[in-house]
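Before anything else, here's the structure in question.
The values are calculated or read from the model by the stated rules, or taken from the named source; none is laboratory data. All figures in this text were calculated on a predicted structure; none of them were measured in a lab. No Cβ is skipped: glycine too gets one built from the backbone with ideal geometry, and neighbour counts run over all protein chains shown.
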Amino acid sequence: MAEQAQQESTSLSAVVADVATGVALALEGECGSYALSGVLAQDDAVALAAIRVLGADVLAPYALHGGAARGGADETVVRKALAAYPPRADASEVSVWTYRGLVEASRAYLPGGPGGWPPEPPAESEWVRTEPWPRLAHRASQLAALSLPGLAPGLAADLAVRTEDLARGFVRAVRRRDWLQAAGLGRWLARLPDVPETLGLDAGLRYVRRMGDSDARVTLQVTAARRFHGRGA
Amino acid sequence: MTVVGEAAGGAVAGGDVPGEAAERAAADEPADPMAGPAADHALLDAMTVGALTWIDGMRPAFRLPAAAATEADPDHALKPLGELAELTHLVRDHHPLPAARGLADGLFRFAWEQTGQGELFAELVRNEPQATYPVELYGVFARAGLHHSGTEELLAVTTSLRHWRVAREDHTRTLGVLNAEHRIGLTPHADFDAVLALTGLGRCAEPWALDRHGVYGITHDVFHVTDWGRAPHRMPTPLAEYLRLWTPAWTETWLEEKLWDLVGELLAVRACLPGAAHDAAAWQRLAGAQRADGAVPETGSVPPDDIAPEDLFLGCYHSTLVTAFAATLARTAAMPPASPAAPFRESETAL
């Protein structure tokens, strides 16, 4: 059992990395027209789980290029992912927000079918106001896909109140060599106004990109920060 | 303190104190509300008195050998004595509790006695006329109004040379030398602001790029600029804003690594910033690292009771002194920029 779980976990990580790489390349404009269904090698439970892990980012290239031209196959696979992994009653806030982000992105970037998309579940954001900054920053970094333009405007507005705290989280994450957390925070900061100048966000994003380049998800985050918000170029 | 490359001293910044009594009277005033309602004065005071009590019991370990000028190791004997003098002097002058001031006063006098009322410095300068550490160390006492004429006659010559003005590698350390020169009344050998501009603080180094050595450097930049917390108003506003923004991130990072002396220095820096919030949670965590007898380990867990005394001293003296110093600054946060008797006002030129 444990061995099987290990294999599934490894397999999920590999698929997540493959999709993240495909998205990042598409954001760089290096792979022609993007299709999520094109970067998924298979259409099984692991692929659907990978879509849930990456959330709205699986559709990020459409945010850059104005929506899916041929959304049929992508629409089908995203619907499957939403149906396969809905947030459970005891789901973490991160899980609910990630699901919600994927629904929002689907509505925004994919052509809706006759039945429309699932309703967006209510997501709690009290933690943005109350959590101490290290925990706030960690959680925000896990939701970096929601920093795509136009998504989660309420969450972005709440986070903007704590820009300094997110910037402190970036400092702490880099010191801990937690490149994924740093990249996610750097990406949020790229979207938010009034980032302290002395943080050195552009240099920080370049630094994190190079130091964390063995992780495709790091590359995806810093690429998104540059392509959508012009930071870290 | 533990800036790498600092030999003796670590001391410095300053000016003289013509009216210690008046300055002390100012310290008796109630703590300023800028310290914030979250500042737990009872906790801070217990930490200060506990730390000083432990340090007081460690006097034998601070004692210098009879032939100190030739036998005392600058890093392992003179440096601790310089830190003892620098930090107890601040506590002596500013702590609102008589018990803390009394302990600190006794320790400061002890340190001066160990130098043979300053005679040691004349010998050190004769032995190493190019070295900066005798100047930095002597500056601590000169700031307190304790002078030694023979030392000052020698320094007037050695620090007048073109050689003395050759740029040194460590700009933070150079700030310390400049403060010492000011305290002693010597002509500053370089422009303070120009040197500050070359340091980690002056450059506003990217806060995420600084390693432990870099952050130690910044804490000392602050101590030299503010005369060890006595003159927070001297911090240029952009640099105060830089510190306000990033000290919480550094404090958290090194709390997690249990590097208690750096945590103490960062909390001291925080207390030097006008209007910066008191970090009650960080103080609680530092308090958790303090032994029942008052010692604070430099790093890691609380040392066991059966540790060898010498190891206990070397592993705790610096962080314990820093704790007393930082807790005193936090206790008196936003104390008046300078008491009526304090030396530096707008007229000062060296800083």
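If B:THR320 satisfies all but one of (1) hydroxyl-bearing (Ser, Thr, Tyr); (2) at pLDDT 95 or above; (3) farther than 20 Å from B:TYR216 by Cβ, what's the number of the condition it fails?
(3)
In region A:149-173, how many residues are of a type in the set (A, V, I, L, M, F, W, C) and closer than 17 Å to A:SER125 by Cβ?
Number of matching residues: 9.
Which condition from (1) at pLDDT 85 or above; (2) assigned to a helix (DSSP H, G or I) is the one that A:ASP90 breaks?
It is condition (2) that A:ASP90 fails.
Kindly check whether there is at least one residue in region B:146-158 that is farther than 30 Å from B:HIS41 by Cβ and within 17 Å of the chain's Cα centre (by Cα).
no
Give me the pairs: first residue in region B:145-159 and closer than 16 Å to B:LEU120 by Cα and of a type in the set (Gly, Ala, Ser), second residue at pLDDT 95 or above and buried (at least 18 other Cβ atoms within 10 Å of the Cβ), beta-carbon distance under 8 Å, and six or more apart or on different chains, which are they?
From region B:145-159, the pairs are B:GLY150/B:GLY118; B:GLY150/B:ALA122.
Where in region A:126-206 are there helices (runs of 4 or more DSSP H), lying fully within it, with 3 or more residues that are surrounded by fewer than 18 Cβ atoms within 10 Å (Cβ to Cβ), touching a residue at least 24 places away in the same chain (Cβ under 8 Å) and away from chain B (no Cβ under 14 Å)?
A:153-160
Only residues that are over 21 Å from A:LYS80 (Cβ atoms), at pLDDT below 95 and polar (S, T, N, Q): list them for region A:9-44, please.
A:THR10, A:SER33
Quick one: in region B:224-236, of everything that is crowded, with 22+ Cβ neighbours inside 10 Å and in a helix (DSSP H, G or I), which residue is nearest to the other protein chains (Cβ to nearest Cβ)?
The qualifying residue nearest to the other protein chains (Cβ to nearest Cβ) is B:VAL225.
Can we say A:GLY101 is touching a Gly at 6+ places or on another chain (Cβ under 6 Å) and either in a helix (DSSP H, G or I) or within 14 Å of chain B (Cβ to nearest Cβ) (or both)?
yes
Considering region B:96-124 alone, what residues qualify as being closer than 27 Å to B:LEU329 by Cα and acidic (Asp, Glu)?
Correct list: B:ASP105, B:GLU113.
Given (1) under 27 Å from B:ARG212 (Cβ atoms); (2) over 16 Å from the mean Cα position of the chain (by Cα), where does A:ALA137 come up short, assuming only one miss?
For A:ALA137, the failing item is (2).
Out of the residues in region A:216-230 that are touching a residue at least 40 places away in the same chain (Cβ under 8 Å) and either more than 24 Å from A:PRO61 (Cβ to Cβ) or of a type in the set (D, E, K, R) (or both), which is farthest from the other protein chains (Cβ to nearest Cβ)?
Checking each candidate, the answer is A:ARG227.
Do you know which residues across region B:188-245 are more than 28 Å from B:THR299 (Cα to Cα) and among the β-branched types (Val, Ile, Thr)?
Selection gives B:VAL195, B:THR237.
Could you grab me the full set of residues in region B:272-320 that are outside any loop (DSSP other than H, G, I, E, B) and either among the acidic types (Asp, Glu) or closer than 15 Å to B:ASP45 by Cα (or both)?
Residues satisfying the conditions are B:ALA280, B:TRP283, B:GLN284, B:LEU286, B:ALA287, B:GLY288, B:GLU310, B:ASP311, B:THR320.
When you go through (1) hydrophobic (A, V, I, L, M, F, W, C); (2) out of contact with any His (no Cβ under 7 Å at 6 or more places or on another chain); (3) at pLDDT 95 or above one by one for B:ALA277, which number turns out not to apply?
(3)
Report whether or not B:ASP193 is under 16 Å from the mean Cα position of the chain (by Cα), over 19 Å from B:HIS41 (Cα atoms) and either acidic (Asp, Glu) or within 14 Å of another protein chain (Cβ to nearest Cβ) (or both).
When the stated conditions are applied, B:ASP193 does not pass them.
Just checking, which of B:ASP93, B:ASP105 is at pLDDT 95 or above and either within 15 Å of B:GLY229 (Cβ to Cβ) or aliphatic (A, V, I, L, M) (or both)?
It is B:ASP93.
Looking only at region B:39-55, count every residue that is closer than 18 Å to B:PRO303 by Cα and outside any helix (DSSP H, G or I) and tell me the total.
Within region B:39-55, residues that are closer than 18 Å to B:PRO303 by Cα and outside any helix (DSSP H, G or I) number 0.
Could you list, in sequence order, all residues of region B:187-203 that are small (Gly, Ala, Ser) and not in a loop (DSSP other than H, G, I, E, B)?
Across region B:187-203, the qualifying residue is only B:ALA194.
Conditions first: (1) out of contact with any Leu (no Cβ under 8 Å at 6 or more places or on another chain); (2) surrounded by 20 or more Cβ atoms within 10 Å (Cβ to Cβ); (3) within 14 Å of another protein chain (Cβ to nearest Cβ). B:ASP279 passes all but one, so which condition is the exception?
Every condition holds for B:ASP279 apart from (1).
Every residue, every condition in (1) in a helix (DSSP H, G or I); (2) out of contact with any Ser or Thr (no Cβ under 7 Å at 6 or more places or on another chain); (3) at pLDDT 95 or above; (4) at the interface with chain A (Cβ under 10 Å from one of its Cβ atoms), yes or no:
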residue: B:ALA205; (1), (2), (3), (4): no, yes, yes, yes
residue: B:ALA209; (1), (2), (3), (4): no, yes, yes, yes
residue: B:VAL222; (1), (2), (3), (4): yes, yes, yes, no
residue: B:PRO238; (1), (2), (3), (4): yes, yes, yes, yes
residue: B:TRP246; (1), (2), (3), (4): yes, yes, yes, yes
residue: B:ALA249; (1), (2), (3), (4): yes, yes, yes, yes
residue: B:ASP261; (1), (2), (3), (4): yes, no, yes, no
residue: B:ARG270; (1), (2), (3), (4): yes, no, yes, no
